[in-house]
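Quick notes on the structure that follows.
The values are calculated or read from the model by the stated rules, or taken from the named source; none is laboratory data. In this text the structure is predicted, and so the values were computed from the model without any measurement. Cβ placement follows ideal geometry from the backbone for every residue including glycine, while neighbour counts extend to all protein chains displayed. Keep in mind that these areas ignore ligands, DNA and RNA; they rest on the heavy atoms of the full protein, side chains included. Shrake-Rupley method; radii C 1.70, N 1.55, O 1.52, S 1.80 Å.
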Amino acid sequence: MGDMGVHFRIIASFFLAIAIPATVVLQFNSAPVQSELLNAPTSNIQTWLLLFVSSLAIGLAIGWWRERQLAEALRQNESRLQGLIDSQGDIIMRKSADGVVSFVNEAFCNLFELEADKVKGTNYHPPVDMTAARGMIGTFSGAETGTFRVRYEQRLETRDGWRWFLWDDYPVRDPEGVLVEVQSVGRDITDRKQIETDLSSARDAAERANRSKSAFLATMSHEIRTPMNGILGMAMLLRDTELTDEQRTYADAVQESGDALLSLINDILDYSKIESGKVELEADEFEIRNAVESVTELLTPQAHEKGVQIVAVVRQGVPERVKGDKGRLRQVLLNLVGNALKFTEEGGVAVRVSLQGGLNPVTLKFEVIDTGIGISDGARANIFEEFSQGDDTTARKFGGTGLGLAISKRIIEAMGGEIGLETTDGAGSTFWFTVQLETVVPAQLPALPAPGEADILVVSDSHIIAPALGEQVEAASYRPQAHASLGAALAALERAPDVRFAVMLYDLPLGADDPDVPVEMLADFPALADARKVIVVAPEQRKRLDHFLASGFDAFLVKPVRQATLQRLLNPGVDAEWGSASAAHTSTPRRAPAISASNGNASGARVLLAEDNDINAMLATAILTKHGYKVHRVVNGREAIEAMIQITFDVVLMDMQMPEVDGLQATVKIRALEGPARNVPIVALTANVMDEDRDACRNAGMSEFLPKPFVADELLAMLNRILKSGDEDDGSAAASA
Ligand code: ADP
């Protein structure tokens, strides 16, 4: 129709273009003499008119021809666009502002088995699964707010069944901005939805499996702890009897293997607790220096026995007191330093704490540096994975489970920190971690020494001790000059004869009886003439202190050197009194003897022992009677309550899991009794060492908690404490076992 119109207009315009000028010319030519007067101007007018009419006609013709071209291009474009729309998988629908369908594409019609003409003009929308719906097609909620596009998902019933679609709604507006139409484009996302569902159910299943694995490990290790109690306890009792040398060797072996097994079980239990998300971080206030130095001090005997140096440095700027989980931090440090010692045969291990940033909370970096065997590149990649060990030979030679680092990593991550490793094969390893801790007391810089007293010479034969002592001197605000060999130190003294040192710290090599060069000879150097000469010795070397004094030293420090002690010693206000600076910290913790005399004799205190397991009961009875307690044993909670009514006891040891009436129920009943029996301290004995178990005991009214297998010393110390003063502090010492 349109085409014919255009054709008609073109033909008409050509006709006019030729016909009109022809008519005009003919008209004037056929009346040659009308007026002489008009003759001359008439021919002019004729010519102009002719020109005007012809150009008008030509212009019209070109205009019509152009219009035709444009109309054709538009038609082609529209059919291309329509083709594009129809060939898309996406379904498209347009609705007017009042919800009447004005357009649907072919994909839409195919999918919902419709005819476009029948849908147009209706309020049709595809069937929506209302339980999964999150928006209605064509209701353009963003239209009023002027949002450009609204996106939502719907589950629609199609000829292929229920399928998920992602709709994009676009507003179509008139020039005044009024909403005229909403165009909705829907894309089938059923496959993506399916993948998402599969992934999330796979993840849920994996999490469930992991949780049940952790729960299984926790239960299993708990179950193993109970018989371990018997084995370790009996071995201990056995070793306390008269034995031949051969028998003693066997009994020692049982005890040692039992200890190893117990620590393995504890690791597994700890790991599974962490894995199942059962670790709650404490927020204790503690001193960083103390926490770190106590770890190196604990491991000093072990290190020195191997001839390995061990040292801790807390650098300047690290806050004095912080808030965080001290126990877990110590656990990680003990593990890393323990590993470092285990894999170092020569040289030493240094722990360094430095401030990495932040004010409150601060980020602290802990480094554990060793000169041991290092870790190969291959092993490095998954060294923090569970059950991973450097290589097979390591496992055979050094033992271990490969859980320590995995546990450490999880603890550090729970604390919001990072853990990592730097190592050069054969030249030792540096494990590091960072933690964020709240500052309670910020670092206080020690008073600056007078200029002449600031220079301190550090001489050691150890590449670990020399720089570490140097850093400790620096942390005390003095200027160190540290040398890792006496030769280097002497050479430096000769090179700079004008320097005057206030103090010389001389680190006596491990195992040496005397310094390499007599101290009198050192004093001949002008640089050291006025210096206080301090010898740094291992605890084992203290027996020769008198000798060192006589040979010209002024004071001594015991390794590992505590920062506070060093600071006191360097302070020029304090006179170098022989040994005074060191006396405070010379005790080095050692493994407690199996049964120590310090726990004394109970002189007949009465203990009610509620324990259903015969071996455990025998063990506890043997330990207690040996130390003067009178023990009355019952086998369940019911008997325990009866005994409490009939007999007066000083303390109750209550197993948690017993037949008939368990420990918790019995405790609740005892606490409800009339008379003094209700106030008798009750100690929970249990192999359940989860936090919830402690809480349950506390809630039931128990006063203390002793995890099994217990060490005789712990049991005795706890009873001692309970019986001495009913109102002393809580049982945290025993509970941390
Ligand atoms: P474990 O020591 O109980 O086997 P860890 O997880 O603590 O378990 O350590 C895993 C492995 O990492 C060790 O077996 C050892 O091969 C390697 N490793 C850890 N620390 C060091 C270290 N300081 N030097 C060399 N190797 C180390």
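Computed from the alpha carbon atoms alone, the convex hull of region 461-536 holds 86 Å³ per residue. Packing, as the average of other Cβ atoms within 10 Å across residues, places the peptides 371-384, 227-240 in the order 227-240, 371-384, highest first.
Would you kindly calculate the translational diffusion coefficient of region 223-364, applying Stokes-Einstein with the Kirkwood radius from alpha carbon pairs, for 20 °C and a viscosity of 1.002 mPa s, and quote it in µm² s⁻¹ without decimals? For these conditions, the coefficient is 118 µm²/s.
Here the label points at residue 495 and residue 153, each 7 Å from Cα along the C-beta direction, are separated by 7.0 nm in the simple model. Other residues within the sphere of radius under 10 Å centred on the Cβ of residue 485, judged by their own Cβ, net out at -2 (K and R +1, D and E -1).
Only the Cβ atoms of Lys and Arg (+1) and of Asp and Glu (-1) were treated as charged; on that basis the dipole of region 635-708 about its Cα centre amounts to roughly 140 debye.
Taking a probe of 1.4 Å, how large is the accessible area per residue of region 315-393, in Å²?
Each residue of region 315-393 exposes 44 Å² on average to a 1.4 Å probe.
In angstrom, the C-alpha Rg and Dmax of region 414-567 are 17.8, 57. If you take all other residues with their beta carbon under 12 Å from the beta carbon of residue 258, and give Lys and Arg +1 and Asp and Glu -1, the sum is -1.
Which loop-located chymotrypsin sites (Phe, Trp or Tyr not before Pro) does region 148-218 contain, where loop means any DSSP state but H, G, I, E or B and the Cβ has at most 15 other Cβ atoms within 10 Å? Those that pass, being in a loop and sparsely packed, are 148.
Packing-based ranking of 112-118, 318-324, 677-683 yields 318-324, 677-683, 112-118, ordered from highest to lowest mean Cβ neighbour count within 10 Å. With semi-axes defined as the square roots of five times the eigenvalues of the C-alpha gyration tensor, the equivalent ellipsoid of region 400-497 measures 36, 23, 8 Å, largest first. Taken over the Cα atoms of region 188-300, the convex hull encloses 193 Å³ per residue. Using the Cβ-Cβ distance between residue 204 and residue 316 with R0 set to 56 Å, the FRET efficiency works out to roughly 0.65.
Once the chain from residue 248 to residue 82 is taken as fully extended at 0.36 nm per residue, the excess over their C-alpha distance is 50.1 nm.
Give the separation of the Cα centroids, region 262-297 to region 453-505, in Å. After rounding, the separation between the Cα centres reads 37 Å. Using a probe of 1.4 Å, the accessible surface attributed to residue 661 totals some 30 Å² when neighbouring protein chains are kept in position.
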